[in-house]
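The values are calculated or read from the model by the stated rules, or taken from the named source; none is laboratory data. These numbers were taken from a predicted model, which means no experiment stands behind them. Glycine gets a Cβ as well: all are built from the backbone with ideal geometry, and neighbour counts include every protein chain shown. For accessibility, only protein heavy atoms count, side chains too; no ligands or nucleic acids. Shrake-Rupley method; radii C 1.70, N 1.55, O 1.52, S 1.80 Å.
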Amino acid sequence: MLGFQPPAIGEEEISAVADALRSGWLTSGPRAAELERRAAEYLEAEHVLALASGTAALHLALVALGVGPGDEVITTPITWPATANVIVHTGARPVFVDVRESDLNIDPVLVAAAVTERTKALLPVHLAGQVCDLDPILELGLPVIEDAAHAFESRYRGRKVGSISDVTCFSLYATKNVAAGEGGLLATSREDVAEAVRDLRLMRRSDGSRYDIPVPGYKANLSDVLAAIALCQLDKLERHAEIRRRQFAAYDSAVAGLGGIEPLARDDRDVHALHLYVVRIDPKAACGTRDDYQRALAEENVATSIHFLPVHMLTWYRERFPDQPGLPVAERAGDEILSLPLSPAHSDDDIADAVAALERVHTRLAA
Ligand SMILES: Cc1ncc(COP(=O)(O)O)c(C=O)c1O
């Protein structure tokens, strides 16, 4: 089976983990601190905090901004459910607005229309590595938390993602461009947010002979063992990006010849992180549904994935918010999108195999 997004881990990561274990730092220590310094430099951010996951970063960002019961947070339905789940965990209500047809990122016009006096924050996502249209969202004057789980390398109109909004959250999950297995990073230029998250991520013993708890913190710090992996991955960013560029180019030229199959739009004014290669499959023009293609590719030993099914249609959200209006662009896209294998761990031959399989499936379904 050609894996969908196998991790690109080498001897460097293996020996860095061994060094971390030998050092005795199993929990957060000098490597997590070094990761924060290196990531802040790369992301052009004033503060970066290393956390246990991208989900924890999003959650603590909301808590630090004071989001709670009675508040609303506007977000996109085309995301991993964690983005919405953390809003629910604060007691606030996620308000889903539809996405743009071109890149399936949140539509800023609809965000503006959904703002009420209860709106406490806006939580856009940069799907696949394409930054959403941030300027009109920032102009609304509300706190913005970017879900940049897919967008470590992205730039928006020249500005580095991580340096733009109140808070930007990244994931170090196994499939991500900087993969530690698990982990997250929170970037912010706001001193108050950085300070609050520092207190919240770990229950700290305050000074004194007997311990005391000044803040009922969470347990969302990053271990040095995982930070050691992330540090190696930072060193490999450019090398891996070069491989991703070749893989994107191979898919671009292949799908250009396949009727009914089109990649999501990428905006030339921005830097795309090339995290996921997502195509839309028009069932009429491609003579098969996305599910037909996914099944047929699996039979060809090519693993694919879906990023994402609209969150508002998943069971808990459907049952909890029965009055949620339809979001037609997201709902149609949810049936049509397919993510193709992409990883620096794949060779050019692997991607050529995936392309050949896709071409065979297209020909077979069209016959
Ligand atoms: C868009 C998006 N947001 C949030 C997350 C959550 O990140 P994590 O798995 O590190 O908690 C993910 C990831 O997996 C994601 O793809």
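The table below gives the values:
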{"quantity": "The range 256-327-the range 174-217 distance, computed between alpha-carbon centres (Å)", "calculated": "35 Å"}
{"quantity": "Ordering of 97-106, 263-272, 50-59 by burial proxy (mean other Cβ atoms within 10 Å per residue, highest first)", "calculated": "50-59, 97-106, 263-272"}
{"quantity": "10 Å binning of all Cα-Cα separations within the chain, expressed as whole percents from 0 upward", "calculated": "5, 24, 32, 25, 12, 2, 0, 0"}
{"quantity": "Listed residues Cys132, Cys287, Cys169, most fluctuating in the chain (Gaussian network, C-alpha, under 10 Å)", "calculated": "Cys287"}
{"quantity": "Dmax and Rg, reported as Rg then Dmax, of the range 38-149 (C-alpha, Å)", "calculated": "13.5, 39"}
{"quantity": "Relative contact order [Cα under 8 Å, 6+ residues apart], the chain, whole percent", "calculated": "23 percent"}
{"quantity": "P(r) of the range 44-109 over all Cα-Cα pairs, binned every 5 Å from zero, in whole percent", "calculated": "4, 17, 22, 21, 18, 14, 4"}
{"quantity": "Nearest 10 degrees, 0 to 90: helix 237-255 Cα axis against the chain principal axis", "calculated": "30 degrees"}
{"quantity": "Residue-span extension gain [Ala256 to Leu21] - 0.36 nm each, minus C-alpha spacing", "calculated": "79.8 nm"}
{"quantity": "Cα gyration tensor, the range 236-367 - rounded (a/c under 1.5), prolate or oblate", "calculated": "oblate"}
{"quantity": "Highest average packing first - 189-197, 311-319, Cβ atoms within 10 Å", "calculated": "189-197, 311-319"}
{"quantity": "Average accessible area per residue (Å²) across the range 279-324 - probe 1.4 Å, nucleic acids and ligands excluded", "calculated": "54 Å²"}
{"quantity": "DSSP bridge orientation in the chain - percent antiparallel, rounded to nearest 5", "calculated": "60 percent"}
{"quantity": "Point-to-point label distance, Glu331-Arg205, nm (Cα→Cβ direction, 7 Å offset)", "calculated": "5.6 nm"}
{"quantity": "Val115 paired with Ala285, simple spin-label distance in nm, labels 7 Å along Cα-to-beta-carbon", "calculated": "3.6 nm"}
{"quantity": "Cβ-defined net charge surrounding Leu338, 13 Å radius [Lys, Arg +1; Asp, Glu -1]", "calculated": "-3"}
{"quantity": "Two-site label geometry, Glu12 and Glu319: point separation in nm, points 7 Å out along Cα→Cβ", "calculated": "4.7 nm"}
{"quantity": "Carbon plus sulfur fraction of accessible area for the chain, probe 1.4 Å, in percent", "calculated": "52 percent"}
{"quantity": "Nearest 10 degrees, 0 to 90: helix 30-43 Cα axis against the chain principal axis", "calculated": "60 degrees"}
{"quantity": "Mean accessible surface per residue for the range 4-95, computed with a 1.4 Å probe while every protein chain stays in place, in Å²", "calculated": "41 Å²"}
{"quantity": "Sorted peptide list for 224-231, 153-160, criterion being average Cβ within 10 angstrom, highest first", "calculated": "224-231, 153-160"}
